[in-house]
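Structure first, then comments.
No lab work stands behind these numbers, since they all come straight from the coordinates. As the structure is a computational prediction, the values presented were derived from the model and not from experiment. Because the Cβ atoms are built from the backbone with ideal geometry, glycine has one as well, and the counts that use them run over all protein chains shown.
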Amino acid sequence: MTPTIALWWYLLVAAALFSIGLFGALSRRNAVGVLMGIELMLNGANVNAVAFWRYTGPSSGGGLTGMDGQVFAIMVIALAAAEAAVGLALIISIYRSQQTVLLEDFTSLHG
Amino acid sequence: MTLTSNILTLITFLPLVGMIILMLLRDDRVIKQTAIYWSLLPLALSTYLWWMYDKAAGGFQFEQFAPWIRLGDQFTINFHVGVDGFSVPLIFLTCLLTTISLWYSAGVIQMRVKEYFALFMLLQAGMLGVFVSLDLFMFYVFFEVGLVPMYFLIGIWGGPRREYAAIKFFLYTLAGSVLMLLSLISVVYNTGSFSLVRGDMVSKFVSPAAAIPFLSNPTGTAATLAFVGFLVAMLIKMPSFPFHTWLPDAHVEAPTAGSIILAGVLLKLGTYGMVRVVMPLFPSAFRAMAIPIGFLAFTSIVYGALVAMAQWDFKKLIAYSSVNHMGYVLLGLTASVVAVTAAKDGDAQTAANILQARQAGIDGAVMQMFAHGIITGALFLLVGLIYDTRTHERDFRKLGGGLWRTVPRYGTFLIVAAFASLGLPSLAGFVAEFLVFNGAFGVALNGNLPFLVLTGLSVLGIVFTAAFILWKIIQMLLLGPQNETWIGTPDLTRSEMFMLLPLVAFMFIYGLYPKWLLDYIHPTTTQLVTTMDTALSLPAAPDAASAEAPAP
Amino acid sequence: MFDIASLAANAWLVPLFTALAFVTILIQIWTGRGGRSSAWVAIAGVGASGLYSVVVFLATLGGRAEALSHAPAMSRRLDWLPLGAGQLSFGILIDPLGAATLAMVGIACLMIFIYASAYMAGEFTLYTDPTTGAVDAAVGRARYARFFAYVSLFATGMFGFVLSSNLVQALLFWEIMGLCSFLLIGFWNFKPSAAQAAKKAFMTTRIGDMGLFIGIMMLFAFLGTTDYDTLMKPASLARLQGIGSIDGWLGGMLGHAVHVPLGSLSVAALVAICLFGGSVGKSAQFPLHVWLPDAMEGPTPVSAMIHAATMVSAGVFLIARLYPIFSSATVDHPDMISGPMYAVAAVGALTALLAATIGMAQYDIKRVLAYSTISQLGYMVMALGIGAYVAAVFHLLTHAFFKALLFLGSGSVIHGVEHGMHEAHEGHGHDQGHAAHPAHPSTILGVADADPHDPQDMRNMGGLGKRMPLTYATFLAGTLALTGIPVFSGFWSKDEILADAFHKMGDGHWIAALVWVLGTAAAFVTAFYMARQVFMVFAGPPATSGAAKAPESAPAMVYPLVVLSLFAVFLGLVGVPTAFPLIGAWLGGNPFHHYMGHLLSGGSFESHAFNALPALASIGAAASGWGLGYAMYGRRPAAARSTDPLASVIGVPLFRLLYRKYYVDELYQATVIRGSVALSNFDSWLDRTAIDGAVNGAGWIGERSSRVNNWIDSRVVDGTVALVAAVSGEMSRWMRWLQSGRIQQYLLLAFFGVLIFLAMNVL
C-alpha cells in the first residue's frame, strides 16, 4: 500500500517541531522551559525516524520486515522520559538550594 | 576444580583476600581475631599440602599452569605454580610463623591496628608466592612484594631508630633486586624461557628438553654477569657477609612479630632463591666461583659468631647469629658444586662418597632453612615476650642473672631454643649442621684444598656459636644469682606457651627423627644434583662422577 | 631368655627405661608433683635399665664372647635420615666391650641414684622465697625432682652411647651427656662459680668434640659410613690405609709433590688423631683437662656420675670402640703400636703424671679425687696407646667402681662435716646451698688458707674415721684399690697396664718405656696423695668442731658404698694373669682377657707371659707412696701446722705451682679466652665501622649526589617543565572566557558547530 501523503509533509512537520524546540531551548530563561524545548526536538527527530522508515525502509516494498525506525523512535521516547525525569530532579534539587530556576543564575561552572 | 588442584593458588592468595576483608572491618578487636582465624586457613591448607605431597614420587606437584603475558612471539610469562620437597616445608613454616606472629601481635599492637594486620597479610602472600612460583617473572614479583609491607612494619611499629632501619632495609634489598632484574632479563634473552623448571626436574607442564640451563660455559661473560646479579641479590637477602649490616638494624628496630617473620622466613627467600634459581640455572658459573663463595660462607659463619659474641643487646645477638647460621646454608650449597680431584680416579666407592657428600650439602642447607626458621623464630618470640610486656630491657647486663629461677617456664623454653641454636644433637639445628659439614668435608677431603681449608676453619664457628650462646644467653641471663630488679616478673601465660609449643616441638621432632623432614627434601636434592650434573655435562651415575674434573 | 640375639634386638629398652623416667619426672615437675616420688621414679628407671644391662652381660658370658666380637649382635635398624643412595641408620651393637661397660654403667648408676635420693634431700629446705625469706618448699621439691630428671637423662645418654652402632648415633648420645653435665655441674647455678664451671665444662669438651666431629666427617668422606661393623671390616681399614701419607694425599690434590710437617703420617692416622680429640675433651686429658676439677661445683653424686659411671668413661670407651682404626696400620697384630697411638700414649702418660702431681697439693677433698680421675684416665688412654687394649678396658671397669665409691664416700664425709658444722654453729645452715663460699679469705704465697666453714676443705677434717666408721672402711677399700695395693681391684688392672708397657718396652718401643716409667711414677704419686687424703680426713684429731660432731650418714647413702666397695675389692680377681703366683691358675686363667681380647676387626690379643718385675715395681711404688704419705701426714695432724708438710719438703714455689695446677687455667684465660673475646670485639668494631660504614658511606654518597641532582632537577629539568606550564597557563587564561557557565550559550555553540559541520560535509 502506497501512502497518499508524500514524505516531505512529514519532514516539514518534523522540522517545524525541531525548530520550535530549538528556539525554546535557546531562548527560555526558565530551566523547565529549556527541558520542554529539548523534548520537542527529540520528538521532531522521532517523526523523522518513523517517516523515513515508512517511506524508504525495507518495508516500503510491502511487507513489514525491518523495524529499525520504530525501534529508534521507541528508544528515543524511553530516553526522553528518563532525561525528563533526571532533568526535573536536577532542577528541583537546584531550586531547593538556590531558590531559583532561572538558568542565568547557575553559572557556578564558569571558567 | 578440586581443592587439591587449586591448593597452591588458594594458599597464596587467601592472605590477600584476608587483607581486603580486614580493611572493611572497623573494630580493632574484631580485626585482630579475624586476622588470626583467617591465617589458620593457609596454615590448614599448607598442612594438608605437606600431608598430600607424594614424597616417594618427588618432583613438582600440585602444579597449575596458564599462559599469562605474551611478549612478542618468543616469550611467554606464565602463571606457573608448583611445589617440590624444598618448598613444601618452607610454605608450612611461613604459614605457621605467620599465625604465631599474628597471635603474638594481637596482644601487643595497639596503634593503627588495621594497617598492621593488613600489611602482615600482604607480607604473607608475598612470601608464599615466592615459594610456589615456577616462573622467573612471578618469582621476581613476589620477591619484591614482601619488601613493602616489611618496610612499613619496621618504619611505623618499630623501635626508636625505625626510620633509619626501615629505609636501610628497603634500599639495601632493593639494590639486590635491581641486579636480579637485570640478570632476569639476561636469562630470558639467552634461554628464551622464564621457566624455573630446568634440566632433569620433573614437571607436568614443561618438557625437560625445552628447559636447558643457562649457558653452561663457565667462561661466558654473560652467564657470569647474570650469575653474579642473582647471587648478590640472594646474598643480600640471606644475608651473607659482607652484605649483612642491614639485618641487625632491621631486627633491633622491627616489632617482635616483624623480627620473627624477618628471621624465620624472609632470610630464607635468599637461600631458597639459591636452590630454586641460581643453582639450576648457573651450575657452571657457580662452580667457577665456588671458592670465593665458600670464603663468604666461612666468613659469615666465623665472623658472624664472633660479632655476635661481642653484642650486649639480645636482639642484635640473635640477628648476628642468623648471619652465622645462614653461612652454614651457603657452605652446604657451595659444597654441592665444588670441583674435586678425586683421590683415586675411577674408584666407584670414591665417586659414591663424593655424590653422597654433595647431596648431603644441599640436604643440610635446606634442613637448616627450616630449622633456623623455627629456632630463630622461637628466640625472637622469646625476646619479645620478655621485652615487650615484661621488662622493657634487652641488655644482657641489666636483664641478666637467675631468670630461670625468676621466670622458670620462660627459662625452660629459652634454654631449649638456645641449645637448639647452638646445634645440640637431638635438636633440629644439629642435623642440619651435621649434614652441611658432612657435605663440605666430603667433597673437600676428596680433593679441593682451598675448600678444605675454608671448611676446616668454619668448624671454629661451631665453637664460637656455642661460646656466645652459653656465655651471653644461658650464663648471663638464666643462671647465676637472681637479679632483684625482676623478681616478681610474671611467668609465661598459658597462651604464650601455646605460641612457643609448636616451635619447640618441631625442634625436638626433627632433631630426634630428621627422616620425617629429609624424606621430602632428599629426592628433590637428588634431582637438583642430577640437573646440575647434566648442565656440567657430566653423567650423573656415581661410577663416573669422579671424572668431573681431572687433575690439572 | 638368655639368647643374646633376642636380647640385643630389644636392648633399646635399656636407654628407654631411663628416658621414660626422665620424661615422667619432667611431667611431674610441670604439673607441680615433683618431690620424693621423683627419686623413686628415677631409681625404678635406672634399676630396670641396670637389670636389663646385667642380663645382657650375663648372656654374653660362657664362650659366646669371641663369636660376638666377630659378629656382634645387631638388632633391627632404624633409618634416621636419607644419605646419598642409602640411609643413615641407628641400631644397637652388642659385643663384649659394650656388654661389660653396659653392666658397669647400670650397676654404678643404680648405686649413685640410691645414694643421691638421700644426699639431695637438702634441696627441700635450701630455697627461700626472695621476698619473704621463708623456706620455699615448692621450689625445693621441684629442684629435687629436677636433679633426678637430669641424672636419668645422663644415664640415658651413657646407655645409648655404649649401645650405639655408629658414630653419628654415638655423637648424639655423647652430646646429651655433655648437656647433662652442663646442667648438673651448674645445678647450684645461683653460685656464679657453678654457672662458670658448667660453661667451662661444656665449652672445653666441645672443643674436643670438634676433633671428633671432623674425624667423623673424614670417615664419611673416605668410607661413606660410620657404622662400626662396616668401619671395622678389614676392607674398610685397608681402604683408609690406602689413601697413603698426608704428603701424598695433599700432593694428589695440588697436582705436585708437597712436604708438610708431619706429612709422612698416614691420612688414617690423621683421622684417628681427630677422633682422639673427642676423647681428650670428654676424658679430660691434657690439655683439655681443665674442666674436670671445676666440675666439682656440682653435687657430689654428679661428680660420681661424671667421673666414674658415665662421661669420662665415654671418652676412653670411644678409643676402645674405635681401636681398630687407631691400630689400623697393623690389622693382623692389633697389639702393635701404630703412628697415632704414639700420640695417644704420650698424651695419656703425660696426663697421668701431671694430674697426679697436681693432686698432691690440693685441699678440697673432691678436687683431689678429680685429679686422681684425670690421672687414672691417663692410664687408660696410655694403655690404649701402647696396644694394651684389654688392660685399658679392665682398668676402665675397675676404676668406675672404686672411683664412684670414693666420690660417694667423699660426699658422705662432706655431708657429715656439714651436719657437724651445723650443729656446732647454730644458724650456719646447709652449706652447699648458700650463695657462695666467700673466696678463700687470705692467700699466703698463692696458697689459700683454710676457710673454717668450708665442709670440703680437708684441713677442716681429721678424726672422721671414728665418727663415720662405715664410710671410713669403704673409703679405705676404694683408696687401696686406687693406689694399687695387691688383691684390691685396682692393682690387677693397673698392674696389667704396666706389665704390658714393660713387655712392649722389651720389644724396643721407646713409647712403651715412657709409659712404663711415667706410669710407675704416677703410681707412686697416686699412693702418696691418697695416703695424704686418708690421713688428713680420717686420722688424727678433728681439726674443727664440725669434724668433731660429724655423724655417720643415712643408710641410703652408706649401703651403696658397701655394695660398691665389694666391687672395688673383688672385681679385679676376674683378670688375674694366669701365671700369677699362687692364685693365677686357681682363678680360671684370666677369664677377663679371654672375654675381652677380641676386636670387631677380627684381631685378638694374646696375653703376655707374667713378669714379676713390673708387678714388684708397681707394688714398690705404691708402698713407698703410702709410706711417704704416712711419714708426712700420718704421724702428726697436718691441720695443726701452718704450712703443708709437702710444701716444706719441696719448697713453697713448687708447691704453689702444683696448687695452681701449673697455671694452665690462667694460661687459657690469658690466651684463648681473652683472645677470642678481643677478636670478637674487634670484629664487632669492624662491623660497625668498616662494613656498616661502607654501607652508610654508600648511602651518604647517594644522598650527596642526590643534592647535585636536585639542583639540576630544580633548575634545568624543572625549568623546562615550568616553561611549558607557563605557556599553557597563558593560553588557558585566554581561553577561559568561552567557559561562561551558561548552558544555553553552550547549546548555541553546539548548534552552530553542528551547522558548520553539516555545511562542510555538504560542501
_Cα-centred dipole magnitude for chain C, charges only on beta-carbon of K, R (+1) and D, E (-1), debye, nearest 20_ = 940 debye
*If each residue's Cβ is checked for other Cβ atoms within 10 Å, how do C:509, C:399, C:256, C:422 rank with the fewest at the top?*
C:256, C:422, C:509, C:399
*Size of the dipole of the protein assembly as shown about the Cα centre, Lys and Arg at +1 and Asp and Glu at -1 on the beta carbon, nothing else charged, in debye to 20?*
1780 debye
*Selection from C:147, C:225, C:520 lying farthest towards where the dipole of the protein assembly as shown points positive, charges on Cβ*: C:147
*In what order do B:516, B:157 fall by count of nearby beta-carbon atoms within 10 Å, going from fewest to most?*
B:516, B:157
_3J(HN,Hα) from dihedral phi, region C:370-386, Karplus parametrisation 6.51/-1.76/1.60, rounded to Hz, x for glycine, proline_ = 4, 5, 5, 4, 4, 5, 5, 4, x, 4, 5, 5, 5, 5, 5, x, 9
*Can you pull the one-decimal nm distance between simple spin-label points at residue C:685 and residue A:68, each 7 Å off the Cα toward Cβ?*
9.4 nm
*Local electrostatic count at residue C:576 - Lys and Arg +1, Asp and Glu -1, tallied over other residues with Cβ under 10 Å*: -2
_Spelling out what I want: for every residue of region B:36-48, take phi, set θ = phi - 60°, compute 6.51 cos²θ - 1.76 cosθ + 1.60 (Karplus), and round to whole Hz; glycine and proline get x._
5, 5, 4, 5, 5, 5, x, 4, 5, 5, 6, 5, 4
*For chain C, calculate the relative contact order in percent as a whole number, restricting contacts to Cα pairs under 8 Å that are 6 or more residues apart.*
12 percent
*asked:* With +1 assigned to the C-beta of every Lys and Arg and -1 to the C-beta of every Asp and Glu, and no other charges, what is the dipole magnitude of chain A about the Cα centre in debye, to the nearest 20?
replied: 100 debye
*For chain B, rounded, prolate or oblate, judged on the Cα gyration tensor with a ≥ b ≥ c (square roots of eigenvalues), a/c < 1.5 rounded, else prolate if a/b > b/c?*
oblate
_Gyration tensor verdict on region B:325-446 (Cα atoms; rounded if a/c is under 1.5, prolate if a/b is larger than b/c, oblate otherwise)_ = prolate
_Computed lengthening from residue C:705 to residue C:79, 0.36 nm per intervening residue step minus Cα-Cα distance_ = 219.3 nm
*asked:* Give me the inter-chain shielding for C:200-206: mean count of other chain Cβ atoms within 10 Å, whole number please.
replied: 3
*If you rank B:458, C:279 by fewest surrounding Cβ atoms within 10 Å, what's the result?*
B:458, C:279
*Among C:169, C:676, B:5, pick out the residue whose Cα is farthest towards the positive end of the charge dipole of the protein assembly as shown, where Lys and Arg carry +1 and Asp and Glu carry -1 on C-beta, about the Cα centre.*
C:676
_Given the options C:250, C:270, C:452, identify the residue whose Cα lies farthest towards the positive end of the charge dipole of chain C (+1 on Cβ of Lys, Arg; -1 on Cβ of Asp, Glu)._
C:452
*Peptides C:150-163, B:106-119 ordered by average Cβ neighbours within 10 Å, highest first*: C:150-163, B:106-119
_Average Cα contact separation per residue, chain B, under 8 Å, 6 or more apart, as relative contact order %_ = 16 percent
*Which residues' amide hydrogens lie under 5 Å from the amide hydrogen of residue C:540, considering only partners 5 or more residues apart or on another chain, with H built in the peptide plane?*
C:463
